[in-house]
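A short reminder: the numbers here are calculations on the coordinates, not readings from a lab. All figures in this text were calculated on a predicted structure; none of them were measured in a lab. All Cβ positions, glycine included, derive from the backbone under ideal geometry; neighbour counts span all protein chains shown.
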Amino acid sequence: MKTLLSAATLALVATAPLADTLTLYTSQPNADAQKTVDAFMAAHPGIEVDWVRDGTTKLMARLTAEIEAGNPQPDVLLIADTVTLEGMAQAGHLKAYQSPEAQAYDPALYSADGYYHSTKLITTGIVYNTGAASQPTSWGDLADPSLKGQLAMPSPLYSGAALIHLATLTGDDKLGWDYYGDLATNEARAQGGNGGTFKAVASGEKPYGVVVDFLAIRNKADGSPVEFVFPEEGVSYVTEPVAILETAKNVDAAQKFVDFVLSQQGQQLVLDMGYIPARNGMGVPEGFPAREAIKLMAFDPAQALQDADANKAKFAELFGAE
């Protein structure tokens, strides 16, 4: 009887439907990643998500090792920047997917071939201490000799957002490398990441800085003595794109995940987290100007990828290799 019961139980288990499993690698902060996964699973109760969170550089090192070993784990990536994913697309590691949600996005915010889609806008602008002598309104203002030795900015040798910022501004006809040369002459301090730059400005150590938007705007709301400026020339931006691996084991669930994070529901989640949604027609977080008032500078991920090593080397010549 015991044997028959065990066999019946095994038969029942064998015929029970198994939940889909989606494996996600993400560089989102832990709290944001958990909210994203929970919301997706609530929208798709038949799909379980296994997720791994780390910085983009560490995640890519892990994934590269997995690919070289012939056993890549993730179905889908949600990481910091399009340049990284452009490199993966060119190497044949991403699966093209034309999400129907893409029609609600500016074409500049996704791969024309469908290899990756942006999910948010994290712009880089100017922060200044409220005790500063002047209030800059443009990138050009930071090169004024009166600000000599008073500017801090993250290094593109350390920060991915700073590298994209460098590629954007040096690619601008009116700024270019001459602008960075002027900043070097003006003794701008270029080292570390956005966090250290912001602390230098908030403390008054450096009256002016270059940082990502939410860092300054959120801290201002919490009482930090800073103001944030979206420069008149426009802003550079990273977009936390989503992409499907060419080797994805669960393509259907991966496509559902892409559609979800790009959907109005997924983009409302981005807004609730305090970021600018990449989707058109959405609002902006408290403390941000209207979306139409934020000018995005031209940016080509493929060109930025091609120029990355040369840009780093030239920057190191100007500012040192910190």
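What to note about this one:
- Alpha-carbon centroids, region 238-265 and region 94-137: separation in whole Å: 17
- Remark: region 158-165, residue by residue, has Karplus-estimated 3J(HN,Hα) of 10, 10, x, 5, 5, 5, 5, 4 Hz, where x stands for each Gly or Pro and the curve is 6.51 cos²θ - 1.76 cosθ + 1.60 at θ = phi - 60°.
- With respect to the chain, whose longest principal axis is taken over its alpha-carbon atoms, helix 251-262 is tilted by about 40°.
- Sites residue 177 and residue 291 - FRET efficiency at Förster radius 35 Å, r taken between beta-carbons, to 0.05: 0.70
- Structure-based [θ]222 nm, the chain - -39500 (n - 2.57) summed over DSSP H runs of at least 4, per residue, nearest 500: -12500 deg cm²/dmol
- The simple Förster model, with R0 at 22 Å and r as the Cβ-Cβ distance, assigns residue 144 and residue 184 a FRET efficiency of 0.95.
- Residues whose amide H comes within less than 5 Å of that of residue 138, counting only those at least five positions distant or on another chain, are 232 (H built at 1.01 Å from N in the peptide plane).
- Summarising the amide proton neighbourhood of residue 21: residues at separation of 5 or more, or on other chains, whose placed amide H is nearer than 5 Å comprise 48.
- Using θ = phi - 60° in the Karplus curve 6.51 cos²θ - 1.76 cosθ + 1.60, the 3J(HN,Hα) couplings for region 206-219 round to 10, x, 10, x, 10, 9, 6, 4, 4, 4, 6, 5, 5, 5 Hz; x is entered for Gly and Pro.
- By the beta-carbon count within 10 Å of each Cβ, the least crowded to most crowded order of 275, 116, fewest first, is 275, 116.
- The label-point distance for residue 313 and residue 30, in a model that sets each label 7 Å from Cα toward Cβ, rounds to 4.1 nm.
- Candidates 71, 161, 42 compared by Cα position along the dipole of the chain: farthest toward the positive end lies 42, with charges placed on Cβ.
- Rounded to whole Hz, the Karplus (6.51, -1.76, 1.60) HN-Hα couplings of region 270-276, x for glycine and proline: 4, 4, 5, 6, x, 10, 7
- Under 27 Å of direct C-alpha separation, and excluding same-chain neighbours fewer than eight residues apart, residue 220 reaches these lysines: 35, 120, 148, 199, 206, 295.
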